[in-house]
1. Can you give me the P(r) profile for region B:1-130? Cα pairs, bins 5 angstrom wide beginning at 0, each as a whole percent.
2. For each of A:27, B:66, count neighbouring Cβ atoms within 10 Å of the residue's Cβ, then give the residues from fewest to most.
3. Please report, largest first and rounded to whole Å, the three semi-axes of the ellipsoid equivalent to the protein assembly as shown, where each semi-axis is the square root of five times an eigenvalue of the C-alpha gyration tensor.
4. First check a/c for chain A, with a ≥ b ≥ c the square roots of the eigenvalues of its C-alpha gyration tensor; if it is under 1.5, answer rounded, and if not, answer prolate when a/b is larger than b/c or oblate otherwise.
5. Extending each Cα 7 Å along its Cβ direction at residue B:106 and residue A:34, get the distance between those two points in nm, one decimal.
6. Taking the number of other C-beta atoms within 10 Å as the exposure measure, put B:217, A:61, B:198 in order starting with the fewest.
7. Work out, step by step, the length gained on full extension between residue B:182 and residue B:132: first 0.36 nm times the residue separation, then minus their alpha carbon distance; give nm to one decimal.
8. Can you compute the modelled spin-label distance between residue B:41 and residue A:6, with each label point 7 Å from Cα toward Cβ, in nm?
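Bear in mind these aren't lab numbers, they're just calculated from the coordinates by the rules spelled out. Just so it is clear, the structure is predicted and the values come from calculations on it, not from any experiment. Please note: Cβ atoms are built from the backbone with ideal geometry, for glycine as well, and neighbour counts cover all protein chains shown.
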C-alpha cells in the first residue's frame, strides 16, 4: 500500500513561504487568490495490505517524526 | 567543570563551542551522536550549532532521535544542565525538552549578522552573570529561528520567567528580526535547567572580532 502524507503549518500559524508565493501570484496578475499555503508531501510505500494497520502505523510515524504537532497539521491518504 | 559538546553529522560549531568553554577554564569532551551514554562526571551538555542531517524534514527533527539524545533527555530530567545553541535549540525543541518550535524566518532569508539582545530574565543558571534589561551584542546566523508558541504556552513561559532573551535595538527595545513571537531569542524549560537560544555566544569571545559579550553569558553556567 501507499500512504500519502501532507504536512502543513496549522491554521493561524503564519506560513512565510505561502505568503511569499501569494505575493508573487498577485504581482503576476493572478486575481482572486485568497490564500496560499505551502506544505510538504511525503509518499511512503508500505509492505502491508491491511489498510487499518497501515493507517495506525502512518499516524504514529506522523506524530513521532513526520510532523511537528506544535506548529503543523497532517493528513493521511492510504491506497 | 566538565562540558560535553555533542556532534551530529552536519554540526559545525563544535570547535568554537569547545574553544569558548576551554577559554573559561573548563574541560571539554566532544561526543559523537552514536554514543548511548554520557560520561558520568559531566556537569553540562552543550548541543552546538550547525545543520545536523542537512536540516532535512525540519531543523533538528532527525538529530533528536540520535542515541545520544536519549542519554541527554535522561540527564536533563534528573536536573542536569543542557544548553542548545542555534541548531542545538532546534534539536531541544524537537525533542520536547524546551517549549515551542522554530519555523522558517518570516522574510525567508538566512540572516547572518551581529544582533543586540535584551536580557529578560537572569534568575536562572544561565544568565546569572548578566543584568535584567542589559543589552548584549551577539551574532545570529539562521534560516529557521522564528520562535513559535501558542497563546496558552506563551502565557505559561512568561509567568514562569522562562523567556530569557529578546532581539532588541541598542536601547533594549524589542525589534522584529525573524518573526519570533514577541521577538523571543532564547527560552528555558520549566525547571530552568535546559536552555536554548538562536544567537551564538561562542562567536562573541574576542573584542577584536566585534564583541566579547558571549563570555559573560557562558560564564553563568559555571557560577
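1. Whole-percent P(r) values from 0 Å outward: 2, 10, 19, 23, 21, 15, 8, 2, 0.
2. On the way: A:27 8, B:66 22.
By the 10 Å Cβ count, ascending, the order reads A:27, B:66.
3. 34, 25, 16
4. Values: a/c = 3.77, a/b = 2.20, b/c = 1.72.
It is prolate, given that a/c is not under 1.5 and a/b is the larger ratio.
5. 2.5 nm
6. By the 10 Å Cβ count, ascending, the order reads A:61, B:217, B:198.
7. On the way: separation 50, 0.36 × 50 = 18.00 nm, distance 1.68 nm.
Using 0.36 nm per residue and subtracting the Cα-Cα distance, I get 16.3 nm.
8. Result: 5.7 nm between the two label points.
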